[in-house]
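One structure below.
None of the figures in this text is laboratory data; all of them are computed from the coordinates on show. The model shown is predicted, which means the values in this text are computed figures rather than measured ones. Neighbour counts are summed over all protein chains in view; Cβ atoms, including those assigned to glycine, are modelled from backbone coordinates with ideal geometry.
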Amino acid sequence: MRISFSQPVFIPWGGFYGRLLNSDLMIILDNTLFARGFTFVNRNRLKAPQGEIWITVPVKKKGLGRQRIQDLQIVRPEIWARKFLALLKHYYGHSFYFEQTSRSLESIISSAGSDFLALALGCARFLADCFQINRGFRLQSELGVENRGTNLLVELAERVGAREVLLPHLAGRHLNLEALTRNGIKVIFLKYQPVAYPQFWGDFIANLSALDLWLSCGPCGLKNIIKSSRLSGA
């Protein structure tokens, strides 16, 4: 079995789906700490006539210290949801796939309420279904693994019986790859280099949320994810 990893991410980019497509299972690291400062966990980019725009899910921070991602709560979720869906309609309302997408996202957001993890997982699964990427997700918290760094990945792989791990191509700079191979785990890297696709609003901008890819290309977006993904050994 080959597994990949990701923190929970709101409307993930194409590289997330490249890893998901090329693994048997993705483990969502919901027990990891929410980063201070800039992070992609609760934000990603879409496109407007003026160029890229950031979409951020506001989460409660004041007086809470360092939080695990699974504990994050959305600030005024009803207000945020109304603004997000209105923005999506304003910039992507002409997409052939907008109506079905908007209805699905509205349902996901409503069901999640103030629970950020539920929102992130709902959106990630929705886009996986859109691209017909039929791979499973497991939560770190469900597996009961509390380690850190490379040791966390080793323990997760052993817990689910995986003999291969798929990592982003630069992850080797921050991990002890020898610890993985010493435990009989093969390391494979995925380099995601987005292939240009027809977008709304002018010239192509790379590395936007996969929601832009879906609303621009629909099911054909899967071919783009495949073409953009390159595997290599450690």
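List the pairs from LYS61/LYS191; LYS186/LYS223; LYS61/LYS89; LYS61/LYS186 whose alpha-carbon separation is above 31 Å, in the order I gave them. Present the calculation step by step, with values, prior to reporting the outcome.
Details: LYS61/LYS191 33 Å; LYS186/LYS223 27 Å; LYS61/LYS89 29 Å; LYS61/LYS186 38 Å.
As for pairs spanning more than 31 Å Cα to Cα, those are LYS61/LYS191; LYS61/LYS186.
Using modelled backbone amide H atoms (1.01 Å from N, in-plane), which distant-in-sequence or interchain residues come within less than 5 Å of ARG138's amide H?
MET26, ILE27, ILE28
Would you please give the FRET efficiency between LEU64 and TYR97, computed as 1/(1 + (r/R0)^6) with r the Cβ-Cβ distance and R0 = 25 Å, to the nearest 0.05?
Values: r = 37 Å, r/R0 = 1.49.
According to the calculation, E is roughly 0.10.
Explain nothing, just compute: Karplus ³J(HN,Hα) = 6.51 cos²θ - 1.76 cosθ + 1.60, θ = phi - 60°, for every residue of the range 214-227 in order, whole Hz, x for Gly and Pro.
5, 5, 7, 10, x, x, 5, x, 4, 4, 5, 4, 4, 5
In a GNM of the chain with a 10 Å cut-off on Cα contacts, which of PHE40, PHE96, PHE131 has the highest mean-square fluctuation?
PHE96
Treat the count of other C-beta atoms within 10 Å as a stand-in for reagent exposure and order CYS217, CYS123, CYS130 from fewest to most.
Details: CYS217 19, CYS123 25, CYS130 22.
Fewest-to-most Cβ neighbours within 10 Å comes out as CYS217, CYS130, CYS123.
List the aspartates and glutamates whose alpha-carbon lies under 15 Å from that of LYS62, not counting same-chain residues fewer than 8 positions away?
Within reach: ASP71.
Report the Cα centroid-to-centroid distance between the range 118-144 and the range 49-94 in angstrom, as an integer.
The distance from the Cα centre of the range 118-144 to that of the range 49-94 comes to 19 Å.
Full extension from GLU106 to CYS220: what is 0.36 nm times the residue separation minus their Cα-Cα distance, to one decimal in nm?
38.7 nm
For ARG163, what charge total do you get from the other residues with a beta carbon under 11 Å from its beta carbon, if Lys and Arg give +1 and Asp and Glu give -1?
It works out to a net charge of -1.
What residues have an amide H closer than 5 Å to that of PHE34, excluding those fewer than 5 places away on the same chain, when H is modeled at 1.01 Å from N in the peptide plane?
GLN67, ARG68, ILE69
Within 10 Å of each candidate Cβ there may be at most 11 other Cβ atoms; applying that plus a DSSP loop requirement, which trypsin sites (Lys or Arg not before Pro) in the range 60-109 survive?
Sparse-neighbourhood loop trypsin sites (Lys or Arg not before Pro): LYS62, ARG66.
Just one of [x] 52, 44, 28; [y] 66, 35, 29; [z] 68, 42, 27 is Cα extents along the principal axes in Å as worked out from the coordinates here. Which one is it?
[x]
Check cross-link reach from LYS83 to the aspartates and glutamates: straight Cα distance under 20 Å, and skip same-chain residues fewer than eight apart.
Cross-link targets: GLU52, GLU99, GLU106, ASP115, ASP212.
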